[in-house]
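The values are calculated or read from the model by the stated rules, or taken from the named source; none is laboratory data. This structure is a prediction, so every number in the text was calculated from the model and none was measured. Virtual Cβ from ideal backbone geometry, glycine too; neighbours counted across all protein chains shown. Just so you know, the surface numbers come from the protein's heavy atoms only, side chains and all, with ligands and any DNA or RNA stripped out. Shrake-Rupley method; radii C 1.70, N 1.55, O 1.52, S 1.80 Å.
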Amino acid sequence: MRCWLLMYGVVALTACSSSPKQGEPGGSCFPNSTCQRGVACVDGTCRQRDGGFGDLGNYIEPFGRDGGPTTDGSVANPTGYQTLAHIDYRMITAAWGSSNKAAWAVGRGGRLFFYDGRSWAPQQSPTTRDLWGIWGSGPSDIYAVGASSTILHYDGSAWTQITLPAALGSSSLLKGVHGTGANDVWVISSGSSDSVLHFDGTSWTISGSGWTNSLALFAIAPNDVWVTYGAGEMIHYDGFGWTAAISAPGTINALWGQPPAKLIGAGSGGNIHTFDGTKWSTARVGTSSDNFTEIWGRADQLFVAARSVYRFDGNNWQSELTLATGSVVGGQFGDEHWVFDGVRTTSSATEVTMHRRTGSSWSLVNQVAKGATYTAVAADGSNAAWVAHSDGIVRCESFGCQSAYVRPSKALWAIHRLNKDVSWAVGTHFALFDGTQWIWQADAPAGTTLFGVWGASASQYWSVGTASSAGVMYTLNGSTWVQEAAIPPVRQLRAIWGADASHIWAVGESSTAGVGGVLFYDGKLWSRALGVPQLSRLHAVHGGSETDVWVAGEQGSVAHFNGSTWQVVTTPITGTIWSLFRQGNLLYAISDSSGGGALHSFDGANWKELYSTIAAGRFYDLDASADTLWMVGASKQIVRSF
């Protein structure tokens with residue numbers, strides 16, 4: 001018996017019914033059984049169908065490409081479209097973290113980014129002023145400083161702007177912040193008349209002033225604070241006042257220290273300057289073009305960065321990582337070390353990369369590709385999607401996109417999300433999302449490009465593509481992709497979709513050049529689909545069920561299968577239809593349009609253009625969640641409805 005407890009006011013009523021059998025509404029289904037006609041199999045449970053779709057055949061509860069149902073049978077009517085962009089990391093100027101799951105970066109325009117151990121995401125900022133420094137005594141006591149005497153404070157829940165006393169001025173460029181604790185915070189300004197500000201836990205005061213062009217600040221102890229400025233000049237605070245100290249042999253851009261009075265300065269020309277309390281010494285660590293601007297770590301594992309990252313093990317410096325631009329920000333977050341390369345700039349030509357050191361090795365964790373074409377999208381809930389491109393995969397949410405997987409010059413052309421724990425991406429290689437991260441699995445054979453992927457379960461996946469002017473197919477055998485030999489010969493296979501493991505369609509170009517081809521899998525054997533009308537080369541397939549299948553391709557070709565017969569559907573589209581998505585009472589399609597791309601809908605009787613771009617390059621793929629459409633294409637186009 002199955003029972004429900006129904007609460008009405010203070011009265012509880014219990015309603016009971018017999019448990020449904022396999023195949024019945026509410027009963028279990030595929031892979032153990034199939035559902036009755038008129039019932040859809042959703043997440044292992046049979047659910048009642050929603051009704052018809054004009055006169056084009058029965059309609060099953062709407063499915064996304066991930067095999068999951070929508071909530072109301074249709075994408076909510078969009079009120080607008082949002083073009084997303086990569087999160088602009090170029091503006092980052094400084095970073096600090098209390099652990100490898102709680103780190104912050106600041107940048108121009110008041111930008112704030114937070115890292116939670118998985119990804120970097122923009123945060124709300126109380127200022128639009130450029131920020132140049134960040135430091136904290138702990139995760140709930142962090143300071144960021146910048147232009148126009150801006151000081152922000154984070155208390156563990158929100159950033160707020162600190163109002164400084166009028167005597168401290170409002171136009172200073174604050175370039176650095178450091179301290180020894182919550183009651184000992186130091187800030188330097190940089191310009192034609194510099195000063196040092198101090199916070200004692202109660203109020204801010206001017207601790208010292210009278211020099212120019214401050215470059216770096218480091219507090220070893222409350223009575224042992226150092227500032228470098230100009231061409232290597234130094235001043236020191238001893239708890240009573242500021243006095244001139246022995247100058248370094250060259251410019252110091254970043255400073256690190258430890259008691260008693262040991263300083264290491266990152267300089268220009270590849271030089272590292274060390275002060276032992278009485279004298280300075282210089283070591284050439286990098287090349288003459290290395291302008292070190294960052295130094296961080298501890299005495300037995302210290303890092304500097306410019307064109308390369310160098311590590312000091314307590315005795316010697318050695319190169320560990322080569323970078324592209326040398327315009328870097330670095331820092332230690334818990335037991336991880338990070339370097340952002342290509343930052344501190346507003347140049348649109350700059351490529352930002354993020355590198356992380358865990359243990360003894362560095363890995364590339366984020367790369368924004370220049371001029372990327374986005375080739376595939378898989379919706380992951382209402383406000384998120386995976387997007388594939390020529391160098392990997394990005395994760396997009398309403399605030400923007402950031403890299404989730406990097407494999408340079410190894411293009412991906414299709415993504416299928418089965419559930420939150422399993423997704424596959426294919427192209428010139430295979431990549432798996434295991435619920436935590438994307439992982440390279442294998443390269444496709446030389447000359448093979450895969451354009452479509454679909455799965456019925458974690459162990460039942462198919463991928464299609466082209467190799468040497470012939471269509472190819474691969475099936476997942478355990479954790480290994482194996483080429484499927486028993487498929488009818490075709491020139492290309494471009495897309496694949498299934499209603500379940502016994503009803504799968506793959507489309508592309510038949511054995512005749514320019515003519516569309518459709519293959520069908522019945523759970524045992526791949527064969528040519530029967531009764532398909534002659535169409536131009538096909539690029540897309542999607543549907544709602546085994547009795548509601550749509551294919552489309554070049555010259556606006558569209559056909560529908562109702563479970564027994566195929567029917568040509570007339571469209572006003574003249575370009576190539578690259579992708580389809582069947583949901584609710586609508587079919588969505590993206591196509592070429594005047595040098596750009598267009599989104600169309602079809603309600604069974606009429607076609608409607610919903611969105612278009614002009615001269616921005618075409619769209620390649622389309623996907624949807626319950627209430628959001630996603631489109632991706634050339635020129636870094638990522639568009640979502642809202």
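The order of the peptides 311-323, 213-225, 119-131 by mean Cβ neighbours within 10 Å, most packed first, is 213-225, 119-131, 311-323. Counting only protein heavy atoms and a 1.4 Å probe, tell me what percentage of region 390-499's accessible area is made up of carbon and sulfur. Here it works out to 48 percent. Computed from label points 7 Å out along Cα-Cβ, the spacing between Glu484 and Ser511 is 1.8 nm. Label-to-label distance for Ser203 and Asn383 is 4.3 nm, based on points extended 7 Å past Cα in the beta-carbon direction.
Considering only Ala605, Leu538, Val549, and ranking their Cα positions along the charge dipole of region 502-642 that arises from unit charges at the beta-carbon of Lys, Arg, Asp and Glu, the one farthest toward the positive end is Leu538. When Phe333, Phe240, Phe520 are compared by accessible area of protein heavy atoms, the largest-first order is Phe240, Phe520, Phe333, using a 1.4 Å probe. The phi-based Karplus calculation (6.51 cos²θ - 1.76 cosθ + 1.60; θ = phi - 60°) puts the 3J(HN,Hα) values of region 446-462 at 3, x, 9, 10, 9, 10, x, 8, 7, x, 9, 7, 4, 9, 10, 10, 10 Hz, whole numbers, x for Gly and Pro.
Think of region 258-332 as a dipole: +1 on every Lys or Arg Cβ, -1 on every Asp or Glu Cβ, centred on the Cα centre; then among Phe303, Thr287, Gly331, Thr287 lies furthest on the positive end.
Taking only protein heavy atoms and a 1.4 Å probe, the accessible area of region 542-614 is 44% carbon and sulfur. Ligands, DNA and RNA are left out, and with a 1.4 angstrom probe the accessible area of region 414-513 is 37 Å² per residue.
In the full protein context, region 193-345 carries 40 Å² of accessible surface per residue, based on a 1.4 Å probe and ignoring ligands, DNA and RNA.
Scoring 493-502, 194-203, 419-428 by mean Cβ neighbours within 10 Å over their residues and listing the highest first yields 493-502, 419-428, 194-203. Count Lys and Arg as plus one, Asp and Glu as minus one, and take only other residues whose Cβ is under 13 Å from that of Thr83; the net charge is then +2. Just the protein heavy atoms count here, and of the accessible area of region 163-202 at 1.4 Å, carbon and sulfur take up 47 percent.
With K and R counted +1 and D and E -1, the other residues having a Cβ less than 14 Å from that of Gly181 yield a net charge of -4.
How would region 292-359 be classified by its alpha-carbon gyration tensor: rounded, prolate or oblate, with rounded meaning a/c under 1.5 and the a/b versus b/c comparison settling the rest? Prolate is the answer for region 292-359, as a/c is 1.5 or above and a/b outweighs b/c.
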